[in-house]
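**Student:** One structure follows; several queries about it will come next.
The values are calculated or read from the model by the stated rules, or taken from the named source; none is laboratory data. Since the model is a prediction, treat every value here as computed from it, not as a measurement. Please note: Cβ atoms are built from the backbone with ideal geometry, for glycine as well, and neighbour counts cover all protein chains shown.
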Ligand code: SF4
């Protein structure tokens, strides 16, 4: 049964038509209980935009400190030469993108970069390797050592290494990994138009291995790959079926890369992005909603609107794996302009 709710501006509570008042937190939980299907998500996504943003901001406020926008750093620890065919990716060996393949970084180099990111205010350090999945052996052992090094600096550690076995997930957990990033990217329907070398179910299998190992899941998608708005909601519906739901949800806007099949994709509509951020916030009240790739092409005003709609994390640093990103100075200026705490530079 759907409950009809009305917002009472005076008391800061919602009331049902017949029943007692309940708080914003309660409202968020009611949405979560009901929002599993694309139709249910669409009913929220299609609200008049001011109402949608208002509701998302209320849910955000009920579950988070709104001045807390987490800053994450993302480092490519092994770049290029990937055998997969993800149609958006500069690192696939199948496309002529000019990205050079590099070997796996040393643990010491990673430790230095993580310490530097921490000094710039990052609390999470994410590491990506352009693999179909890690092979057991020295390279995987080295990644485990990197995880230990980052955790040793007092930071959250996240890796994205492709498909995992249960045993690999268990070893990452034992090394202290905080979260594993593995994006579903888009809807099940649109997926095969973008990637053919691994299936949607392969991705879900890896997410289940990660969850069985007790590692938090970071999983989201990329907008602007030729999908419909409904595909984006279908992705949220897939995420809402994960048990537990993702701890963090990156929302990326495609950065078109010359040489890839999606090189000429048009930019994402700004207000569609805001709608999706708001719908994600309402659907996943406790998750970190990460405004990820594509931020370098967003105005400051659009980013502020996304924060108002519930985004509460960004990646900082001039590169996002191989894609451009606003510099730390630009982000510090943005935080200053928003009147939010700007992390002070400390010695690594
Ligand atoms: S997104 Fe990851 S798996 Fe896909 S081609 Fe790029 S590096 Fe490989």
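**Student:** Let me confirm something: among 87, 98, 12, which residue is on the phi > 0 side of the Ramachandran plot and at pLDDT 80 or above? Explain how you work it out, then say what you get.
**Tutor:** Numbers: 87 fails: on the phi > 0 side of the Ramachandran plot; 12 fails: at pLDDT 80 or above.
On inspection, the qualifying residue turns out to be 98.
**Student:** I want to confirm something. Restricting to segment 170-190 and keeping residues that are surrounded by fewer than 22 Cβ atoms within 10 Å (Cβ to Cβ) and part of a helix (DSSP H, G or I), which single residue is farthest from the ligand (Cβ to nearest atom)?
**Tutor:** By that ranking, first place goes to 174.
**Student:** Next question. So which residues in segment 144-154 are closer than 18 Å to residue 218 by Cα and buried (at least 23 other Cβ atoms within 10 Å of the Cβ), if there are any at all?
**Tutor:** Scanning segment 144-154 gives 147, 150.
**Student:** Hey, among 207, 242, which residue is free of Cβ contacts under 8 Å to residues at least 40 places away in the same chain and not in a loop (DSSP other than H, G, I, E, B)?
**Tutor:** On the way: 242 fails: not in a loop (DSSP other than H, G, I, E, B).
Just a single option satisfies the conditions, and that option is 207.
**Student:** Can you pull out the residues in segment 85-104 that are farther than 22 Å from residue 221 by Cα and surrounded by 20 or more Cβ atoms within 10 Å (Cβ to Cβ)?
**Tutor:** Correct list: 99 only.
**Student:** Could you say whether any residue in segment 123-135 is at pLDDT 95 or above and more than 22 Å from residue 164 (Cα to Cα)?
**Tutor:** No, segment 123-135 contains no residue that is at pLDDT 95 or above and more than 22 Å from residue 164 (Cα to Cα).
**Student:** Checking residue 138 against (1) farther than 19 Å from residue 122 by Cβ; (2) out of contact with any helix residue (DSSP H, G or I) (no Cβ under 9 Å at 6 or more places or on another chain); (3) surrounded by 17 or more Cβ atoms within 10 Å (Cβ to Cβ), which test does it fail?
**Tutor:** Only one criterion is unmet by residue 138, namely (3).
**Student:** Sticking with this structure for a sec: Select, from 235, 242, 223, the only residue that is in the same structural domain as residue 284 (by TED's automatic domain parsing), closer than 27 Å to residue 46 by Cα and modelled with pLDDT under 95.
**Tutor:** 242
One line per residue, one yes/no per condition, for (1) surrounded by 19 or more Cβ atoms within 10 Å (Cβ to Cβ); (2) over 13 Å from the mean Cα position of the chain (by Cα); (3) assigned to a helix (DSSP H, G or I):
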residue	(1), (2), (3)
272	no, yes, yes
276	yes, no, yes
285	yes, yes, no
305	yes, yes, yes
315	yes, no, no
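**Student:** If you don't mind, there's one more thing I want to ask. Based on this model, can you work out whether residue 116 counts as at pLDDT below 95 and in a helix (DSSP H, G or I)? Walk me through how you get there before you give the answer.
**Tutor:** Numbers: at pLDDT below 95: yes; in a helix (DSSP H, G or I): yes.
Yes; evaluated as a whole, the condition is true for this residue.
**Student:** Quick check: anything in segment 143-150 within 15 Å of the ligand (Cβ to nearest atom) and over 30 Å from residue 225 (Cα atoms)?
**Tutor:** Checked segment 143-150: at least one residue is within 15 Å of the ligand (Cβ to nearest atom) and over 30 Å from residue 225 (Cα atoms).
**Student:** Sticking with this one: Within segment 125-135, can you find the residues that are over 30 Å from residue 68 (Cα atoms) and either surrounded by fewer than 19 Cβ atoms within 10 Å (Cβ to Cβ) or away from the ligand (no atom under 13 Å from the Cβ) (or both)?
**Tutor:** Across segment 125-135, the qualifying residues are 132, 133, 135.
**Student:** Related question: If you check 157, 114, 122, 56, which single one turns out to be in contact (Cβ under 8 Å) with a residue 12 or more places away in the chain, more than 14 Å from the ligand (Cβ to nearest atom), crowded, with 22+ Cβ neighbours inside 10 Å and outside the structural domain of residue 174 (by TED's automatic domain parsing)?
**Tutor:** Only one candidate passes the filter, namely 56.
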